[in-house]
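Have a look at the structure below, then the notes.
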Amino acid sequence: MEKAQSGAAGFRFQPKDSRLILAHMAVAFTAIFLGAIAGLLQGLVRGGVIDLGPVNYYQLLTAHGVLMALVFTTFFIVGYLYSGLVRTCGGTLTEFSRRLGWIGFWLMTVGTAIAAFLIIANKATVLYTFYAPMKASPFFYIGLALVVVGSWIGAWAVFAQYRWWKKEHKGKLSPLFAFMAVATMGLWLIATLGVALEVLLQLIPWSFGWVDTINVVLSRTLFWYFGHPLVYFWLMPAYIVWYVNIPKIIGGKIFSDALARLAFIMFLLLSTPVGFHHQLTEPGIASGWKFLQVALTFSVAIPSLMTAFAVLATFESAGRARGAKGLFGWIRMLPWKDVRFVAPLVGMLSFIPGGAGGLVNTSYQLNQVVHNTLWVVGHFHLTVGTVVILTFFGVSYWLIPALTGRKLTAGLNKLGLVQTGLWALGMLIMSGAMHAAGLLGTPRRTAFTTYGDDPIALGWLTYQQVMAIGGVFLFISAMLMVWIVIRLAFFAPRTEEGVDYPIGEVAEEAASTPAILERWPLWVTVAICLILVAYTIPIAHLIQYAPPGSPPFQPY
């Protein structure tokens, strides 16, 4: 197996690997481009600036959610994980893993094209959660199914590469990146079983007319079985960046390999049996089961807090290694002019209010205040739209050059800092207004309306106009990011020395990593047991005591 070159001069991908990864990046940033346009128009409609009609608004809302939250993230994550496996597990993908990668890519791409076409054709205006009893074209659900199946094949490509490395290095601890990649895709496989069952057994037969009605609560339960672990599928790759890539960028070392692996095991165990905290107001689910999943949701905060501690410890140790003095002197030593560090750092800082808002959302009493309001949308944009997206943007500034053999020039680096600042400013304005409007009761998922000039609704308009202003900043930032990616891919100066792919080393004083953390059969079994405890009886009750069901409603 021909390996990529790696050494003091940098790392160089084999063309066969870079083509596969770049294909994923191309689809991801095409989704960003189209999704940002839809988001801008959607924000201007919601702010009362333009009028495209209510049907067009909900098409935009569906397109924005599907392209940004599902398509961009999935393609970027899979491509990023492939790149890290190449860098840490052999220097190139095995032929088997690469073949699986291409099969998965084309299935996901075809599925995305089908779903996007039906959204544009106004045959799938059901928002990205595609809640029943709203009905889309059955081919929209088939397109989504292809995306999921393609991602499963991508997951098995990750597992195959990991397994090959373990066979070649018997008895050795796997690279931290590879371990985290397996945990991430393992969570994805477990979580997507819920939405796969919903789509295959409920939505497709129902949308084709093979059955007359659908069990709405069961459908939503299966969706949220997938819907909240989806958040951690987005977050875990961002955490990989923070744990593994950022230490190298700032000239530091990984604080603790063992802590990082333990955190990812906890995410694998605790991220799935938590979906009922999205359904606290829904009937048909006993309060005891809701309480259990609320408690498990709060427990997921533990590995996130562990991550915050480990990342800050890495920052401090890097600064002190450069001679920092005083309690906070290490902060000045960080590379504040390097967009590869600054973009993910802004994402990290955004997770402080984003995580706090998540605790509000999952609290029984507080959820009653913010449920189905714009507060939830503001929280979503802080976590996924800032923490995850800015971290992925930061990755792009070094990953695209590493794949294309080009340089991140000083000019593009400065432009990247501007792009990051615009995104942070736009999100601060838009998300802040969303949180404030949500506390006043402004509903989510609605086009512009004054509700017959009701005084309460009129009080929301200023916040919605501020949201539109923030959306303009975000759109400019997104377009700038797409332009920078194109420059890095095709026009930046070439280098013959290879480009650094930053992989951090573990600090010498860190404790050794227990071998039990790599006993995947044990941890997957525990994860399945937790899921069975949290979901078996409630789902059985939803089937046994099913309501009459709902016929389809076509909202377009």
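Just a few scattered comments:
- Only one entry of Pro273, Pro247 meets the criterion of being closer than 18 Å to Cys529 by Cα and either of a type outside the set (S, T, N, Q) or buried (at least 24 other Cβ atoms within 10 Å of the Cβ) (or both), and that entry is Pro273.
- Of the helices (runs of 4 or more DSSP H) contained entirely in the range 150-242, those carrying at least 2 residues that are in contact with a Leu (Cβ under 7 Å, 6 or more places away or on another chain) fall at 176-197, 216-240.
- Figure legend. Inter-residue proximity from the range 168-182: first residues closer than 19 Å to Phe267 by Cα, second residues hydrophobic (A, V, I, L, M, F, W, C) and surrounded by fewer than 20 Cβ atoms within 10 Å (Cβ to Cβ), beta-carbon distance below 7 Å, spacing 6+ or different chains. Indicated pairs: Ser174/Trp165; Phe177/Ile503; Ala178/Trp165; Val182/Phe159.
- Contact map, the range 107-120: residues that are within 12 Å of Ala136 (Cβ to Cβ) and at pLDDT 95 or above paired with residues that are surrounded by fewer than 21 Cβ atoms within 10 Å (Cβ to Cβ) and not aliphatic (A, V, I, L, M), Cβ distance under 7 Å, separation 6+ or inter-chain. Pairs shown: Ile114/Phe139; Leu118/Phe139.
- The range 92-147: number of residues that are in contact with a Pro (Cβ under 8 Å, 6 or more places away or on another chain) and either surrounded by fewer than 20 Cβ atoms within 10 Å (Cβ to Cβ) or of a type in the set (S, T, N, Q) (or both): 3
- Being touching a strand residue (DSSP E or B) at 6+ places or on another chain (Cβ under 6 Å), among the hydrophobic types (A, V, I, L, M, F, W, C), crowded, with 17+ Cβ neighbours inside 10 Å and part of a helix (DSSP H, G or I) holds for only one residue in Ala433, Ala424, Ala402, and it is Ala402.
- Test: residue in the range 353-372 that is in a helix (DSSP H, G or I), of a type in the set (Ser, Thr, Tyr), buried (at least 20 other Cβ atoms within 10 Å of the Cβ) and in contact (Cβ under 8 Å) with a residue 24 or more places away in the chain: no
- Among the residues of this structure, Ile531 counts as one that is surrounded by 18 or more Cβ atoms within 10 Å (Cβ to Cβ), modelled with pLDDT of 95 or more, in a helix (DSSP H, G or I) and among the hydrophobic types (A, V, I, L, M, F, W, C).
- Options Trp206, Trp188: the member that is over 15 Å from Ile539 (Cβ atoms), surrounded by 24 or more Cβ atoms within 10 Å (Cβ to Cβ), in contact with a strand residue (DSSP E or B) (Cβ under 9 Å, 6 or more places away or on another chain) and not hydroxyl-bearing (Ser, Thr, Tyr): Trp206
The values are calculated or read from the model by the stated rules, or taken from the named source; none is laboratory data. Since the model is a prediction, treat every value here as computed from it, not as a measurement. Methodologically, a virtual Cβ is constructed for each residue, glycine included, from the backbone with ideal geometry; neighbour enumeration extends over all protein chains shown.
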